[in-house]
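Colleague: Questions regarding the structure given below will be posed in turn.
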Amino acid sequence: MKKQFGLLALLCTTTGAFAQTAPKNVIYMIGDGMGPAFTTAYRYYKDDPTTKEIENTVFDTMLKGMAHTYPDDHTYVTDSAAGATALSSGHKSYNGAIAVDTAKKPVKTMLEIAKEQGMTTALVATSQINHATPASFAAHNESRRNYDDIANDYIDNKVAGKLPVDLMLGGGTQYFIRDDRNLVDEFKQAGYQYGDDFKNLGQITQVPAIGLYAPKGLPFALDENPTRLKQLTAKAFDLLDGQNDKGFFVMIEGSQIDWCGHANDIACAMAEMDDFAKSIETAKAYVDNNPDTILVITADHSTGGLTIGAHGQYKWETDIIKGVKATAGTLTNLLMESDNLKTVWQANTSIEFTAENEIKLKQAKAMGEKTLNLAVKSIINDLSFTGWTTGGHTASDVQVFAYGKNSDDFVGSQNNTDIAKKLIGYIEK
């Protein structure tokens, strides 16, 4: 009996140890500015009104918990740099910090640790690739605004004698090809392929590689390419799959959810959410085919103070939002350039060009571009019953989603630094 008990105990111990083995690949996806109101709004935005049920989205299938986003002081409201530093390194810091602590000393990031462990590393973003979130994984700087210095770090910040990031896909040519330094040439000299034509993603066929597809951030999803992040995500997996027996680490950011939130532009935000959701579906499919992979999705903070419903009315009109075909910024520019406001308005929205709206837009246009932009958003937000409380960030907790190997490790309420520490633990194996 004792012998049988001992064997059973050994089997249980072995099984438990096997269950806790670290995943080989780590996929980390960050929806910048994507607070809980954004994922909820996206569910209703995607709802099929012909069915009684409100269908789940990819976010609903993977929800595990919530994360606290505060920076390393009592301001409570974080920016993207401090948020990304916490998410990349497990260290809280001050707003504006790029992977440095409050004493402005570098803190090691999970991407750097992955590189030390011999894994392939990658960053994908719809912003410039040296923007706050991706930068906080591969660079160190006291200020997120030092874009040129941060771009330099992608060459100068060696990890075990090697460049830190093996694959970079995003925007930012103006920071990497400069009069004082041509970083693209330096990457080429280091053996990287380079691409700058989004329509020809196929020109990148290997890792290491860098693809820069806009001077700064990529055009908004609503204005030009509604699936550009999904395409970059799929390209990244094509390049990373089977590249390295030690696995890969990739951070993929839906950067411009935040930018739409800052602008209080709901149609813009939902288009960015849709692209991010499709990118997550692509990542989820990769995990299904590669079960030794962990996929974790979260946000650095929430932006805009979005409310689904406004003006005391108990409704949210998604048809109004779905009928908007351009961001408020683009629509404003088109209206400023045209003498026929009605034609432009009807071509870009499904909102009736009423006499009231005509007067409002004409008066705003006479006062200048900024006032017209506010008027455009006011009409869309008012008719859709969308509320916003700020043009900045808020301190609300954000959701944590996970899928694949060890995904249950992310259940519950946790600090954003806890997410990083768990992922670093996998990477260090």
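Colleague: β-branched (V, I, T) and farther than 18 Å from Y213 by Cβ: does that describe T227?
Modeller: no
Colleague: Based on what the data block shows, is I351 buried (at least 19 other Cβ atoms within 10 Å of the Cβ) and either modelled with pLDDT of 95 or more or more than 26 Å from G312 (Cβ to Cβ) (or both)?
Modeller: Working: buried (at least 19 other Cβ atoms within 10 Å of the Cβ): no; either modelled with pLDDT of 95 or more or more than 26 Å from G312 (Cβ to Cβ) (or both): yes.
Against the criterion (buried (at least 19 other Cβ atoms within 10 Å of the Cβ) and either modelled with pLDDT of 95 or more or more than 26 Å from G312 (Cβ to Cβ) (or both)), I351 does not qualify.
Colleague: When both residues are 6+ apart or on different chains and their Cβ atoms are under 8 Å apart, which pairs have a first residue that lies in segment 56-68 and is among the basic types (K, R), and a second that is at pLDDT 95 or above?
Modeller: K64/V400; K64/F401; K64/A402; K64/S407; K64/D408; K64/F410; K64/V411; K64/G412
Colleague: Still on this structure, please answer the following. On the given criteria, is V296 of a type in the set (V, I, T), in a loop (DSSP other than H, G, I, E, B) and buried (at least 22 other Cβ atoms within 10 Å of the Cβ)? Step through it out loud before you land on a result.
Modeller: Numbers: of a type in the set (V, I, T): yes; in a loop (DSSP other than H, G, I, E, B): no; buried (at least 22 other Cβ atoms within 10 Å of the Cβ): yes.
Considered against the rule, which asks whether it is of a type in the set (V, I, T), in a loop (DSSP other than H, G, I, E, B) and buried (at least 22 other Cβ atoms within 10 Å of the Cβ), V296 comes out as no.
Colleague: For residues that are in contact with a Phe, Trp or Tyr (Cβ under 9 Å, 6 or more places away or on another chain) and over 10 Å from A151 (Cβ atoms), tally how many sit in segment 174-183. Steps first, please.
Modeller: Looking only at segment 174-183, we keep the residues that are in contact with a Phe, Trp or Tyr (Cβ under 9 Å, 6 or more places away or on another chain), and these are 174-176, 182-183.
Then drop every residue that is not over 10 Å from A151 (Cβ atoms), which leaves 182.
The qualifying residues number 1.
Colleague: Among the residues of segment 300-316, is there at least one that is open to solvent by less than 50 Å² (accessible area, probe 1.4 Å), among the charged types (D, E, K, R) and under 22 Å from T57 (Cα atoms)?
Modeller: Looking through segment 300-316, at least one residue is open to solvent by less than 50 Å² (accessible area, probe 1.4 Å), among the charged types (D, E, K, R) and under 22 Å from T57 (Cα atoms).
Colleague: A follow-up question, please. Go through (1) more than 30 Å from P71 (Cβ to Cβ); (2) in a loop (DSSP other than H, G, I, E, B); (3) touching a residue at least 40 places away in the same chain (Cβ under 8 Å) one by one and return the number of the condition G391 breaks.
Modeller: With (1) more than 30 Å from P71 (Cβ to Cβ); (2) in a loop (DSSP other than H, G, I, E, B); (3) touching a residue at least 40 places away in the same chain (Cβ under 8 Å) applied to G391, the lone miss is (1).
Colleague: While we're looking at this one, here's another question. Considering only segment 246-253, I want to know if a residue exists there that is open to solvent by less than 10 Å² (accessible area, probe 1.4 Å), among the acidic types (D, E) and part of a helix (DSSP H, G or I).
Modeller: No.
Colleague: Among (1) touching a residue at least 40 places away in the same chain (Cβ under 8 Å); (2) out of contact with any Leu (no Cβ under 9 Å at 6 or more places or on another chain); (3) part of a loop (DSSP other than H, G, I, E, B), there is one condition W259 misses while meeting the rest; what is its number?
Modeller: Against the list (1) touching a residue at least 40 places away in the same chain (Cβ under 8 Å); (2) out of contact with any Leu (no Cβ under 9 Å at 6 or more places or on another chain); (3) part of a loop (DSSP other than H, G, I, E, B), W259 comes up short only on (3).
Colleague: Scan (1) under 33 Å from the mean Cα position of the chain (by Cα); (2) over 22 Å from T307 (Cβ atoms); (3) buried (at least 19 other Cβ atoms within 10 Å of the Cβ) for the single condition I380 breaks and write down its number.
Modeller: Among (1) under 33 Å from the mean Cα position of the chain (by Cα); (2) over 22 Å from T307 (Cβ atoms); (3) buried (at least 19 other Cβ atoms within 10 Å of the Cβ), the lone unmet condition for I380 is (2).
Colleague: Of the residues A125, A103, A160, which single one is open to solvent by 30 Å² or more (accessible area, probe 1.4 Å) and touching an Asp or Glu at 6+ places or on another chain (Cβ under 6 Å)? So that I can check it myself, show each step before the final result.
Modeller: Details: A125 fails: open to solvent by 30 Å² or more (accessible area, probe 1.4 Å); A103 fails: touching an Asp or Glu at 6+ places or on another chain (Cβ under 6 Å).
When all the criteria are applied, what remains is A160.
Colleague: Something else now. Out of all the residues in segment 153-184, which are at pLDDT 95 or above and more than 26 Å from R228 (Cβ to Cβ)?
Modeller: Passing the criteria: D156, N157, K158, V159, G161, K162, D179, D180, R181.
Colleague: Across segment 365-377, what is the number of residues that are open to solvent by less than 30 Å² (accessible area, probe 1.4 Å), farther than 10 Å from M336 by Cα and without any contact (Cβ under 8 Å) to a residue 24 or more places away in the chain?
Modeller: Result for segment 365-377: 1.
Colleague: Hey, P49 hits all of (1) touching an Asp or Glu at 6+ places or on another chain (Cβ under 9 Å); (2) at pLDDT 95 or above; (3) open to solvent by 80 Å² or more (accessible area, probe 1.4 Å) but one; which does it fall short on?
Modeller: Every listed condition holds for P49 apart from (2).
Colleague: S413 versus (1) assigned to a helix (DSSP H, G or I); (2) surrounded by fewer than 17 Cβ atoms within 10 Å (Cβ to Cβ): which is the lone unmet condition?
Modeller: All conditions are met except number (1).
Colleague: Among the residues of segment 26-38, is any of a type in the set (D, E, K, R) and open to solvent by 10 Å² or more (accessible area, probe 1.4 Å)?
Modeller: Start the filter on segment 26-38 by keeping residues that are of a type in the set (D, E, K, R), which leaves 32.
Still in the list and also open to solvent by 10 Å² or more (accessible area, probe 1.4 Å): none.
Scanning segment 26-38, I find no residue that is of a type in the set (D, E, K, R) and open to solvent by 10 Å² or more (accessible area, probe 1.4 Å), so the answer is no.
Colleague: Please list, ordered by first then second residue, the pairs with beta carbon atoms under 7 Å, 6 or more apart or interchain, first in segment 103-116 and over 19 Å from V207 (Cβ atoms) and at pLDDT below 95, second open to solvent by less than 10 Å² (accessible area, probe 1.4 Å) and of a type outside the set (G, A, S).
Modeller: That search, which allows pairs on different chains as well, returns nothing.
Colleague: Just to be sure I understand the filter: pairs with C-beta atoms under 9 Å, separated by 6 or more residues or on different chains, first member in segment 224-239 and surrounded by 17 or more Cβ atoms within 10 Å (Cβ to Cβ), second member modelled with pLDDT under 95. Which pairs pass?
Modeller: Qualifying pairs under 9 Å: K235/G202.
The values are calculated or read from the model by the stated rules, or taken from the named source; none is laboratory data. Predicted model, so just to flag it, every value in this text is computed and none were measured. So basically every Cβ, Gly included, is an ideal-geometry build from the backbone, and we count neighbours across all protein chains shown. What goes into the accessible areas is simple: the full protein's heavy atoms, side chains included, and nothing from ligands, DNA or RNA. Shrake-Rupley method; radii C 1.70, N 1.55, O 1.52, S 1.80 Å.
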